[in-house]
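The values are calculated or read from the model by the stated rules, or taken from the named source; none is laboratory data. Here the structure is a predicted model, which means the values were calculated and not measured. Cβ coordinates were reconstructed from backbone atoms using ideal geometry, including for glycine residues, and neighbour counts include every protein chain displayed.
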Amino acid sequence: MDVTAIKQKFDIIGNSPQLDRAIDIAAQVATTDLSVLVTGETGVGKEFIPKIIHTNSARKHGNYFAINCGAIPEGTIDSELFGHRKGSFTGAHEDRMGYFEVADGGTLFLDEVAELPLSTQVRLLRALETGEFIRVGSSKVQKTDVRVIAATNVNLPHAIKIGKFREDLYYRLNTVPIMVPALRERPGDIHLLFRKFAADFAEKYKMPVIRLTDDARNLLEHYRWPGNVRQLKNVAEQLSVLEQTRLVTSDTLQRYLPPDSPLHLPVVYGTEKGGGNDILSERDILYKILFQLRSDMDVMKKKLDDLEEHGLLSVPGRGTMLTPPGSGHAAEEEVTEGEILPLEIVEESPDLSLNSLEKELIIKVLRKNKGHRKSTAKELGIAERTLYRKIKEYEIE
């Protein structure tokens, strides 16, 4: 089944190349029994990948279960996955089959797999490698034939580094990695998705469809969407229910969008929570620094322009020399050494745009890694395909 047919069957909206690539990989790997690890920020819609794989596999007539590992209490997760014997713990009044037993011959989707406790990760690794598991409170080894697909919005390499995820389990799950792109990485799909959600809610609530003015659409497509597709759907529903006027302006839409600034980045894929603090991924730290740098330079240039405008300062490179305010001397008078220092940082020539700073950093990291793109992407904290796209976009040799 081709990508277009899959999107129609599963009602997937969007024409992004990254999205199509994720769907294509899912379709190709479906005919195998390889483990798949789906990654991406929260709210991007990672759950459609395992459904595509199961439906197009030889297991499609077997059971399919989606388990949110983060929603099951740590004390009962082993029982949920592997079952238990009667009397094995308080409240175990009878024998119980776990998901690995009832899904025999089918597919298990383990969402938020990074939330599994380390003891459960050991059990999961054994089940993946040998097809064997033991119920809680039992000593009998049982066999199962289950295809496991896992998903996470956590940076697993970082989780491994801080001791929260087993490295051997990571490599066992990550046989085939599939990355679902963030909504802001597919801006051409944002309005398509909004129109679909607006039409669905109009039908659900029996009311006219919400429409956007041009300025509202522009705002919609340039917002960062930290909550991704889930957040966009929520906004469409709120507008459909709460707004009396069916034509939404940018001022109206803005009220439904949390304040968004690159200097206050949301917690996204590539972050890990620990000790109550959010640890940003290298990519987000990079972008934050770049935006902050550009902002600082813009503020500095504005202050210098204001000083020039009021005759308090003249900048080298703009035709005059610096003159101390209130000196009473002409602009061409010689300035003695030590009175006023040249402000070289405000020359007109350097390109202080975010794109040029990003390009410069990519070139430096490529040089550091002697042109090795995989190492460069890893150090920058971005996917290899993102690096390839940026190299092409910036025409980096």
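Considering every residue within region 133-147, establish whether at least one is part of a strand (DSSP E or B), more than 27 Å from His93 (Cβ to Cβ) and under 26 Å from the mean Cα position of the chain (by Cα). Yes, that holds for at least one residue. Can you confirm whether Thr42 is in a helix (DSSP H, G or I) and either closer than 29 Å to Leu19 by Cα or not small (Gly, Ala, Ser) (or both)? No. Could you say whether any residue in region 75-94 is surrounded by fewer than 20 Cβ atoms within 10 Å (Cβ to Cβ), closer than 24 Å to Asp168 by Cβ, at pLDDT 90 or above and not β-branched (Val, Ile, Thr)? Yes, there is a match, as at least one residue in region 75-94 is surrounded by fewer than 20 Cβ atoms within 10 Å (Cβ to Cβ), closer than 24 Å to Asp168 by Cβ, at pLDDT 90 or above and not β-branched (Val, Ile, Thr). Selection over region 13-31 of residues that are aliphatic (A, V, I, L, M) and farther than 12 Å from Val180 by Cα gives a count of 4. Of all residues in region 217-234, exactly one satisfies the criterion of being at positive phi and either basic (Lys, Arg) or assigned to a helix (DSSP H, G or I) (or both), namely Asn228. Within region 52-81, the only residue that satisfies the criterion of being outside any loop (DSSP other than H, G, I, E, B) and more than 31 Å from the chain's Cα centre (by Cα) is Ser79. Of the candidates Val38, Val29, the single residue that is over 21 Å from the mean Cα position of the chain (by Cα), at pLDDT 95 or above and either crowded, with 20+ Cβ neighbours inside 10 Å or not basic (Lys, Arg) (or both) is Val29. The set of residues in region 183-208 being touching a residue at least 40 places away in the same chain (Cβ under 8 Å) and of a type in the set (Lys, Arg) consists of Arg184, Arg186, Lys196.
Out of everything in region 359-397 that is surrounded by 15 or more Cβ atoms within 10 Å (Cβ to Cβ), in contact with a Phe, Trp or Tyr (Cβ under 9 Å, 6 or more places away or on another chain) and within 25 Å of Leu156 (Cα to Cα), what residue ends up being modelled with the lowest pLDDT? Going through the qualifying residues, I end up with Ala377. Only residues that are closer than 20 Å to Asp11 by Cβ, among the β-branched types (Val, Ile, Thr) and part of a helix (DSSP H, G or I) were counted across region 150-205, and they come to 1.
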